[in-house]
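Everything below concerns the one structure shown next.
The values are calculated or read from the model by the stated rules, or taken from the named source; none is laboratory data. What you see is a predicted model, and the numbers here were worked out from it, not measured in a lab. With ideal geometry, Cβ positions are generated from the backbone for all residues, glycine too; neighbour counts draw on all protein chains shown. Only protein heavy atoms, including side chains, enter the accessible area calculation; ligands, DNA and RNA are left aside. Shrake-Rupley method; radii C 1.70, N 1.55, O 1.52, S 1.80 Å.
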Amino acid sequence: MERILREILSKTRINDQQPSTDSIEIEIPKGEGHGDLSTPMAMGLARQLKKPPKKTAEDIVNAIENKEIFDKIEIAGPGFINFVFTRAFLCSEIKSLLKEREAFLTEDIGKGKRIQIEFVSANPTGPMHLGHGRGAALGAALSNLLTEAGYKVEKEFYINDAGGQVRQLGLSVFAKYKQLCGVDYPFPEGGYRGDYVEDLARELKDKYGDEFARKDFDEVSQTIIDFSYLKMLAALRKDLEDFGVFFDSWQSERELYAQGEVVKAIDDLRERGYIYEEDGATWFRSTAFGDDKDRVIVKKDGEYTYFAPDIAYHRKKIEKGFDELIDIWGADHHGYIPRMQAVIQALGCPRDSLRVLLVQMVSLLKGGRPVQMSKRAGEFITLREVMDDIGADTTKFLFLTRRPDSHLEVDIEVAKAQSSENPVYYVQYAHARINSIFEKAGQEAEKPQDSNSKLNPLPVTRYPLLDFNGELFNEEEMRIVKKLLYYPMLLKSAALAHEPHRITFYLQELAGMFHPYYHKYKVVTEDAELSRARLALCSAVQVVLRHGLKILGVEAPERM
RNA sequence: GCGCCUGUAGCUCAGUUGGAUAGAGCAUCGGCCUCCGAAGCCGAGGGUCGGAGGUUCGAAUCCUCUCAGGCGCACCA
């Protein structure tokens, strides 16, 4: 309905000026009594035209040609124009929804533009914590959202398999392995201490026996490191899949080195004039694009800094020809944004072709007490544990009911206690409930009817009920109708803002309208025509719930 | 010291990119299953939007200052 209103408004001429389609703001009024949709456009226009807002609003209203779909158009407050649609129009929109489904719910704002989203990218040196889970839930939901909005999305995981981290893992496993072989060996400073390190050592011994017991780490480091990190990577992947998160592409850091991408990237920047040597090191002039200081990419000792492969990595992303890049990082990396955007600009791309979304940390509580989350200490709660405790759907929903940049506290005890009354079930329950309404309707339809029943004898869940009489809708039903018709607007704004959590809230609101309605009115009644109308509404609610849940990556169960 | 994020109901959080009278879920209290699913419904209480100025038709939202918490400020990854 927003689309149609926008079209109508864009055709109005005020003082020979035609407002551009994009400049027209259309809002969902907060409270009732301000129309079904409203626009503050007169207030903005009034300033330009130097006329009173109310007068401008009148001019706009007078310029509207096609008024049949409106029941009422009011000018209110300082100059809002409030639109009330006719029941017939709203119902015809619901019919379109039932008929066109996804096509009705979504709008192609992406126009096939290609976006790459890189997220999680957890080091393969240990299990994922809740912060990774938050990033995973967000990245997956965002890519679903943007896909629905008409973008071509690629999901990528960057594997840090080249640096000191995986070496540290290898060293830790090696130390444990030696100990298992009965050889005294010091555990590395700052090594990884989790139980999984011992598990890896044991698996290593199972596979290779005492083969490495008398060797130095340097002699066998590659084998040990590869063995360890590949196992960890496989575990990460399994956890992510069980969490319902899948990637299209896995980019290895090592591969960037092996294929000469790192050297190429530095050469490229050098040609563009952003590389210089000083104090025996090689620097990238990131200050040219607003960074605090220039950054070293090759150290005095000839080693690359971590930043070098990151440059190569992002250069490769650009080469792949994406229209927009999105990186989802933990908030503790926010200091890298300026230098990464400097890279993008140095390579000739506009600054905002890379958008970095920060996911704030998740602090974990257990019965009100903070849990230390250090890998060193070896005690931390993993995404896997939480998932196993309260379920993947609940966990995802939990993350997606928060803005990504809000600091999130999760009390694991509370989460467990609430798992059976979690908001996710509230939404899923509405979906399942509608399903059982249709089962009931199906049974009723199969019963031998004595007289004039017009219930559709077909399996009603599979076929949209296009033939219903919207005149029969009561006030509550009309409110649900409008709520459903707001969904496409919401989806669009969520996609533009890159904020999937808006969908989560919408779904709770929609379910929050459906459940009371269900309690108050019977859907399947003696009155066949009324039943058809109500079933149509239920079907529409279900279509929207299913669509929203799908974007969030949460199951829409038929039964619970 | 500098930078980024966050301060909204007892708790956890939304607030449509500056819109109209600030919302939800938990928690608390009181009710509802012969009736399409009680993972549900109905009702009640609860607020100086951290604080102070400013911008304008209009501010929880934008600007300045300030207080509190978190996180960053490497030739570590």
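I'd like to know if segment A:38-53 contains one or more residues that are surrounded by 12 or more Cβ atoms within 10 Å (Cβ to Cβ) and closer than 23 Å to A:Phe104 by Cα. Steps first, please.
First, pick out the residues of segment A:38-53 that are surrounded by 12 or more Cβ atoms within 10 Å (Cβ to Cβ): A:38-46, A:49, A:51-53.
Then keep just the ones that are closer than 23 Å to A:Phe104 by Cα; that gives A:38-39.
The answer is yes, given that some residue of segment A:38-53 is surrounded by 12 or more Cβ atoms within 10 Å (Cβ to Cβ) and closer than 23 Å to A:Phe104 by Cα.
Just to verify a result, which residue in segment A:494-540, among those that are outside any helix (DSSP H, G or I) and open to solvent by less than 30 Å² (accessible area, probe 1.4 Å), is farthest from RNA strand B (Cβ to nearest atom)?
The first filter runs over segment A:494-540 and keeps only residues outside any helix (DSSP H, G or I), leaving A:498-500, A:521-527.
Checking which are open to solvent by less than 30 Å² (accessible area, probe 1.4 Å) leaves us with A:498, A:500, A:523-524.
Details: A:His498: 7, A:Pro500: 11, A:Val523: 4, A:Val524: 4 Å.
Per the stated criteria, the residue is A:Pro500.
Does A:Phe104 qualify as being within 14 Å of RNA strand B (Cβ to nearest atom), touching a residue at least 24 places away in the same chain (Cβ under 8 Å) and closer than 30 Å to A:Gly150 by Cα?
Numbers: within 14 Å of RNA strand B (Cβ to nearest atom): no; touching a residue at least 24 places away in the same chain (Cβ under 8 Å): yes; closer than 30 Å to A:Gly150 by Cα: yes.
The answer is no for A:Phe104.
Suppose the filter is touching a Pro at 6+ places or on another chain (Cβ under 8 Å) and either at pLDDT below 95 or near RNA strand B (Cβ under 10 Å from one of its atoms) (or both); does A:Glu446 pass it? Outline the logic, then answer.
Numbers: touching a Pro at 6+ places or on another chain (Cβ under 8 Å): yes; either at pLDDT below 95 or near RNA strand B (Cβ under 10 Å from one of its atoms) (or both): yes.
Yes, satisfied.
Filter segment A:62-98 down to residues that are surrounded by 15 or more Cβ atoms within 10 Å (Cβ to Cβ) and charged (D, E, K, R) and give me whichever is nearest to A:Leu465 (Cα to Cα).
Result: A:Lys95.
Those residues that are open to solvent by less than 20 Å² (accessible area, probe 1.4 Å), closer than 22 Å to A:Glu555 by Cβ and assigned to a helix (DSSP H, G or I), I need them from segment A:386-423; list them, please.
A:Val386, A:Met387, A:Ile390, A:Thr394, A:Thr395, A:Lys396, A:Phe397, A:Phe399, A:Leu400, A:Ala415
Are there strands (runs of 3 or more DSSP E) fully within segment A:251-326 with at least 2 residues that are at negative phi, away from RNA strand B (no atom under 12 Å from the Cβ) and surrounded by fewer than 17 Cβ atoms within 10 Å (Cβ to Cβ)? List them.
none
Please determine, by comparing only the residues of segment A:327-353 that are closer than 18 Å to A:Asp267 by Cα and in contact (Cβ under 8 Å) with a residue 40 or more places away in the chain, which one is nearest to RNA strand B (Cβ to nearest atom). Break it down into steps so the answer makes sense when it comes.
Going residue by residue through segment A:327-353, those that are closer than 18 Å to A:Asp267 by Cα are A:339-340, A:342-349.
Pick out the ones that are also in contact (Cβ under 8 Å) with a residue 40 or more places away in the chain and you get A:339, A:342-343, A:345-348.
Working: A:Arg339: 10, A:Ala342: 14, A:Val343: 15, A:Gln345: 18, A:Ala346: 18, A:Leu347: 21, A:Gly348: 25 Å.
Looking at residues that are closer than 18 Å to A:Asp267 by Cα and in contact (Cβ under 8 Å) with a residue 40 or more places away in the chain, I get A:Arg339.
Criterion first (within 12 Å of RNA strand B (Cβ to nearest atom), in contact with a Cys (Cβ under 6 Å, 6 or more places away or on another chain) and open to solvent by less than 30 Å² (accessible area, probe 1.4 Å)) does A:Ile437 satisfy it?
For A:Ile437, the condition - within 12 Å of RNA strand B (Cβ to nearest atom), in contact with a Cys (Cβ under 6 Å, 6 or more places away or on another chain) and open to solvent by less than 30 Å² (accessible area, probe 1.4 Å) - is met.
Please pick out the residue among A:Ile60, A:Ile14, A:Ile8 that is modelled with pLDDT under 85 and β-branched (Val, Ile, Thr). Spell out how you get there, then give the answer.
Values: A:Ile60 fails: modelled with pLDDT under 85; A:Ile8 fails: modelled with pLDDT under 85.
So the residue among A:Ile60, A:Ile14, A:Ile8 that is modelled with pLDDT under 85 and β-branched (Val, Ile, Thr) is A:Ile14.
Looking only at segment A:380-388, decide whether some residue is of a type in the set (Asp, Glu), within 29 Å of A:Val427 (Cα to Cα) and modelled with pLDDT under 95. It would help to see each step written out before you state the result.
Start the filter on segment A:380-388 by keeping residues that are of a type in the set (Asp, Glu), which leaves A:385, A:388.
With the extra rule that they be within 29 Å of A:Val427 (Cα to Cα), the set shrinks to A:385, A:388.
Filter once more, so that each one left must be modelled with pLDDT under 95: A:385, A:388.
Scanning segment A:380-388, I find at least one residue that is of a type in the set (Asp, Glu), within 29 Å of A:Val427 (Cα to Cα) and modelled with pLDDT under 95, so the answer is yes.
How many residues are within 13 Å of RNA strand B (Cβ to nearest atom) and open to solvent by less than 20 Å² (accessible area, probe 1.4 Å) if we restrict to segment A:460-484?
Of the residues in segment A:460-484, 3 are within 13 Å of RNA strand B (Cβ to nearest atom) and open to solvent by less than 20 Å² (accessible area, probe 1.4 Å).
I'm trying to understand the selection: among the residues of segment A:181-192, which are surrounded by fewer than 21 Cβ atoms within 10 Å (Cβ to Cβ) and either in contact with a Gly (Cβ under 9 Å, 6 or more places away or on another chain) or modelled with pLDDT of 95 or more (or both)?
Taking segment A:181-192 as the starting set, the residues that turn out to be surrounded by fewer than 21 Cβ atoms within 10 Å (Cβ to Cβ) are A:181-191.
Within segment A:181-192, just A:Cys181 meets the criteria.
So, in segment A:34-48, of the ones that are more than 15 Å from A:Val61 (Cβ to Cβ) and in contact with a strand residue (DSSP E or B) (Cβ under 8 Å, 6 or more places away or on another chain), which residue ends up modelled with the highest pLDDT?
So the first thing to find is which residues in segment A:34-48 are more than 15 Å from A:Val61 (Cβ to Cβ), and the list is A:34, A:36, A:44, A:47-48.
In the following step, the residues that additionally are in contact with a strand residue (DSSP E or B) (Cβ under 8 Å, 6 or more places away or on another chain) were identified as A:34, A:36.
On the way: A:His34: 87, A:Asp36: 93.
Among those residues, the one meeting the criterion is A:Asp36.
Testing A:Arg403 on (1) within 9 Å of RNA strand B (Cβ to nearest atom); (2) modelled with pLDDT under 90; (3) among the basic types (Lys, Arg), one condition comes back false. Which one is that?
The single condition A:Arg403 does not satisfy is (2).
Can you pull out every residue in segment A:202-250 that is of a type in the set (S, T, N, Q), surrounded by fewer than 15 Cβ atoms within 10 Å (Cβ to Cβ) and in a helix (DSSP H, G or I)? Before the answer, list the steps.
Of segment A:202-250, the ones of a type in the set (S, T, N, Q) are A:221-223, A:228, A:249.
Going one step further and asking which of them are surrounded by fewer than 15 Cβ atoms within 10 Å (Cβ to Cβ), we end up with A:222, A:249.
Within segment A:202-250, A:Gln222 is the sole residue that qualifies.
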